[in-house]
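To keep things clear, I will list the structure first and then write my remarks on it.
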Amino acid sequence: MNRRDTIKSLLLGSVATGLALHGCAPKDVKESEAISNSVTGLYGRTPEEIEHDEEIFAEEFLNKHELSTIAVLCDIILPSNDTHGSATDAGVQDFIEFIVKDLPDHQTPLRGGLMWLDNYTNKTYGKEFVNCTNTEQLAVCDKIAYPTKKDEPSEFKQGEKFFTRMRNLTLTGYYTSKIGIEALGYVGNTPNVWDGVPQDILDKHGLSYDPVWLSKCVDQSKRGDIAKWDDEGNLIS
């Protein structure tokens, strides 16, 4: 099983319980208030949420170099494969930029981690992380991708904590995107198709369908029709 399949198997069991870091509009908000917005391009945002989003988009925190480094890391964590795009194809770097501004607790650890990363590669390879070769980048990530034991001394402690945060943000951003949801094969709640009690079960109990009811209740070509009843409670169609 490759890395992407492993991640997919871990996430399939939890995705139905909700998508991390994504909120829902309050139940008491009228449908007319849940409107789309030209800035965010998101449907279903309330006026208050739209105002909040616009404020976040207007802020600046990460600089171009930091965003470039984040993009490289995202694609190392989740590269493309034969069927689905990479993390940056899904716009994960933009997601992380938004989250860092929306949830300021991420700011110091993320910026500090990026500084640690460049400091390490400058000492090791004489250049910043984004300018390293792919082989060099992977070698660094291999050193910080697997946290050492809590009490075990390591010069990579800060890097390990940073990479864990980056991995969590990358996976959250990817698997709450259109590309990521398609990669999971998650289709949400879908109606079942019922074509009646199996014939062998009916035969076992000596039962059969009334042809009239069969045509009204089991005809799948009419599954989208709304049932109609007469004043006496009889099914009309």
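Test each condition in (1) among the polar types (S, T, N, Q); (2) surrounded by 18 or more Cβ atoms within 10 Å (Cβ to Cβ); (3) closer than 14 Å to residue 165 by Cβ for residue 108 and report the one that comes out false.
(2)
Can you name the number of the only condition in (1) at pLDDT below 90; (2) open to solvent by less than 30 Å² (accessible area, probe 1.4 Å) that residue 211 fails?
Looking at each condition in turn, residue 211 falls short on (2).
What is the residue count in the stretch 126-147 for residues that are within 27 Å of the chain's Cα centre (by Cα) and outside any helix (DSSP H, G or I)?
The number of residues fulfilling the criteria is 3.
Test each condition in (1) modelled with pLDDT under 95; (2) out of contact with any Gly (no Cβ under 7 Å at 6 or more places or on another chain) for residue 73 and report the one that comes out false.
Only one criterion is unmet by residue 73, namely (1).
Name the residues in the stretch 62-100 that are farther than 21 Å from residue 160 by Cβ, part of a helix (DSSP H, G or I) and of a type in the set (D, E, K, R), would you?
Matches in the stretch 62-100: 64, 94, 97.
When both residues are 6+ apart or on different chains and their Cβ atoms are under 6 Å apart, which pairs have a first residue that lies in the stretch 128-142 and is without any contact (Cβ under 8 Å) to a residue 24 or more places away in the chain, and a second that is buried (at least 19 other Cβ atoms within 10 Å of the Cβ)?
From residues that are without any contact (Cβ under 8 Å) to a residue 24 or more places away in the chain, the pairs are 132/121.
Determine whether the stretch 158-177 contains at least one residue that is in contact with a Leu (Cβ under 6 Å, 6 or more places away or on another chain), part of a loop (DSSP other than H, G, I, E, B) and either touching a residue at least 12 places away in the same chain (Cβ under 8 Å) or open to solvent by less than 20 Å² (accessible area, probe 1.4 Å) (or both).
yes
Sort through 195, 118 and tell me the only one that's over 24 Å from residue 80 (Cα atoms) and either in a loop (DSSP other than H, G, I, E, B) or open to solvent by 30 Å² or more (accessible area, probe 1.4 Å) (or both).
195
The values are calculated or read from the model by the stated rules, or taken from the named source; none is laboratory data. Note that the structure is predicted; figures quoted are calculated from it, not measured. A quick note on method: Cβ atoms are made from the backbone with ideal geometry, for glycine too, and the neighbour counts reach across all protein chains shown. These accessible areas exclude ligands, DNA and RNA; they are computed on the full protein's heavy atoms, side chains included. Shrake-Rupley method; radii C 1.70, N 1.55, O 1.52, S 1.80 Å.
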